Amino acid sequence: MSQPPTKLSRSALALLLRLLNSPTSSIIGSVLFDDFPILADELVQNGWLIPDGALNHLVEGSDEIAELIWDSDSRAFRYFSVGAGWVQVKSQQVKRYSVKTEVLLAWLSATLEIGTLYRTTCLIEDRFWHLGRTHIGQYRVNIYFVRRLDKPENQRVFLQVLKQESGRVPAIVMSASSRIPALINMPLDVALTPIESLLVRTGMDSRMDESALLAILRGSKSRAESNEGIGLHFSTDYRMVNWNGESYKFTKKQAAVMEALYREGGRAHKDLLQAEANTDEAIHRIMRNKVKGDWVTHPVWNTLLKGEGNGYYYLATD
C-alpha cells in the first residue's frame, strides 16, 4: 500500500466515522456530491472513499426502477427505456462510494507513530482491528480500532475476541461511534473510548491529542468510575488496586483509607482518613505491612498515595 494521506480535515473525518457506523460503510454519489461537495473532493481524490458499484436508478417521471449497465465506450452508466431508448446517467451521481478502511487505519497508525514492525491485523472481518503498539509518554500501549458496536450481538463477539488478546495490555480500543455502550464490561487494563474524544483540532485538520491518551492510561477519576481507566482501577471492596500495570493488595484499614480518598475526589484530610479506618494511627503507620516480622512501607506510599502538608493526602495518579 502507498503512503496514506497525512492530512484529514475534522469535517471529513466526522463523515467517515458516520459512514463507518452504518451497515455498509458507504454513501451514494448523489448524496455525497450534492450535500457534501467540498468533503467529496477531499475524500474521493485522496482515496478515503472509493467507487464501489452503483445503485439501480429510478426512471425519471415514473415509479420504475431501471437496472443500470456500465457502457465502456462512453464510460458512463445507462439504462434502457421503452419510450426513450438508452438513457445515460451521470456515473458520479449513481455510484456507491465506500470507506477505504485500510487508508483510515494506515492514517491512524502513522498519526500514533506505530512502528513499521507492526502490520494491522483484522480480528473480526470488517469490524475490529489491532493496529500495533506504540509509546505514549512512558507507556507502551496496544492500539485497536472497532466499528458497529451498536448491536448486542456485535458487542458479544467483540468481547470474545478481545479476551483472546488478553496478553496485549495496556490497550486502548478506539471506537468509530461517539457513544460507548453503557453495559459493556471491558477487561482490566483495556479502555474503550470514542476516537473523536482523542482528537485535537489544528486549524481545519485533525490529529491525536496525546494528553487525552495519557489521561486514559493514567486513569483519571471520571474514567475510573466508568471502568474505562487503565492506570488506576480499584476492586469493588478497595482491597486491591491496579495502577500503571501493577497490582497491589491492601489490609482492611489501608483499603478504608484508599476508599475515602477516592470518594473525596483524590484528596482528603488525615482526620477523615483515620476515622474511616477506625484508628488513631498516623497515615504512614497505616500504610505499612509486616513482612517476615519486620514492618515494611507499602509500595504505594509516596508513589500513588502522597502527603501535601497540613494533614492532607492525595492520590497522585498523574
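The values are calculated or read from the model by the stated rules, or taken from the named source; none is laboratory data. Just so it is clear, the model here is predicted, and its values are computed rather than measured. Positions of Cβ are backbone-derived with ideal geometry, glycine not excepted, and every protein chain shown enters the neighbour counts. Quick note on the areas: whole protein, heavy atoms, side chains included, nothing else; ligands and nucleic acids left out. Shrake-Rupley method; radii C 1.70, N 1.55, O 1.52, S 1.80 Å.
Of the residues that sit in segment 137-163 and are open to solvent by 60 Å² or more (accessible area, probe 1.4 Å) and not charged (D, E, K, R), which one is nearest to residue 247 (Cα to Cα)? Walk me through it before giving the result.
Within segment 137-163, the first condition is being open to solvent by 60 Å² or more (accessible area, probe 1.4 Å), and the residues that meet it are 138, 140, 150-153, 156, 160, 163.
Next, from what is left, pick out any that are not charged (D, E, K, R): 138, 152, 160.
Numbers: 138: 18, 152: 31, 160: 24 Å.
Here the answer is 138.
Just one of (1) modelled with pLDDT of 75 or more; (2) in contact with a strand residue (DSSP E or B) (Cβ under 6 Å, 6 or more places away or on another chain); (3) over 30 Å from residue 17 (Cβ atoms) fails for residue 73. It is (2). Could you tell me whether segment 246-257 includes any residue that is under 17 Å from residue 302 (Cα atoms), hydrophobic (A, V, I, L, M, F, W, C), touching a residue at least 12 places away in the same chain (Cβ under 8 Å) and assigned to a loop (DSSP other than H, G, I, E, B)? Yes: one or more hits. Only residues that are small (Gly, Ala, Ser) and exposed (fewer than 14 other Cβ atoms within 10 Å of the Cβ) were counted in segment 276-287, giving 1.
Scanning segment 288-318 for residues that are open to solvent by less than 70 Å² (accessible area, probe 1.4 Å), on the phi < 0 side of the Ramachandran plot and not in a strand (DSSP E or B) gives 298, 300, 303, 304, 316, 317. One residue stands out among those in segment 225-241 that are closer than 13 Å to residue 189 by Cβ and at pLDDT below 50: the one that is least open to solvent (accessible area, probe 1.4 Å), which is 229.
Which residue is modelled with the lowest pLDDT, if the candidates are limited to segment 23-55 and must be in a loop (DSSP other than H, G, I, E, B) and either more than 15 Å from residue 100 (Cβ to Cβ) or of a type in the set (Phe, Trp, Tyr) (or both)?
Looking only at segment 23-55, we keep the residues that are in a loop (DSSP other than H, G, I, E, B), and these are 23-25, 36, 46-48, 55.
Now restrict to residues that are either more than 15 Å from residue 100 (Cβ to Cβ) or of a type in the set (Phe, Trp, Tyr) (or both): 23, 36, 48, 55.
Details: 23: 84, 36: 87, 48: 92, 55: 61.
Per the stated criteria, the residue is 55.
Any residue at all in segment 111-119 that is open to solvent by 30 Å² or more (accessible area, probe 1.4 Å), part of a helix (DSSP H, G or I) and out of contact with any strand residue (DSSP E or B) (no Cβ under 8 Å at 6 or more places or on another chain)? It would help to see each step written out before you state the result.
Initial filter on segment 111-119 (open to solvent by 30 Å² or more (accessible area, probe 1.4 Å)): 111, 113, 115-119.
Next, from what is left, pick out any that are part of a helix (DSSP H, G or I): 111.
Still in the running and out of contact with any strand residue (DSSP E or B) (no Cβ under 8 Å at 6 or more places or on another chain): none.
No - not one qualifying residue is present in segment 111-119.
Residues checked against (1) farther than 24 Å from residue 101 by Cβ; (2) open to solvent by 10 Å² or more (accessible area, probe 1.4 Å); (3) at pLDDT 75 or above; (4) in a strand (DSSP E or B):
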residue	(1), (2), (3), (4)
165	no, yes, yes, no
173	no, no, yes, yes
177	no, yes, yes, no
182	yes, yes, no, no
187	yes, yes, yes, no
192	no, no, yes, yes
201	no, yes, no, yes
215	yes, yes, yes, no
223	yes, yes, no, no
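Just name the residue that is nearest to residue 218 (Cα to Cα) out of those in segment 242-275 that are surrounded by 16 or more Cβ atoms within 10 Å (Cβ to Cβ) and among the polar types (S, T, N, Q). Going through the qualifying residues, I end up with 244.
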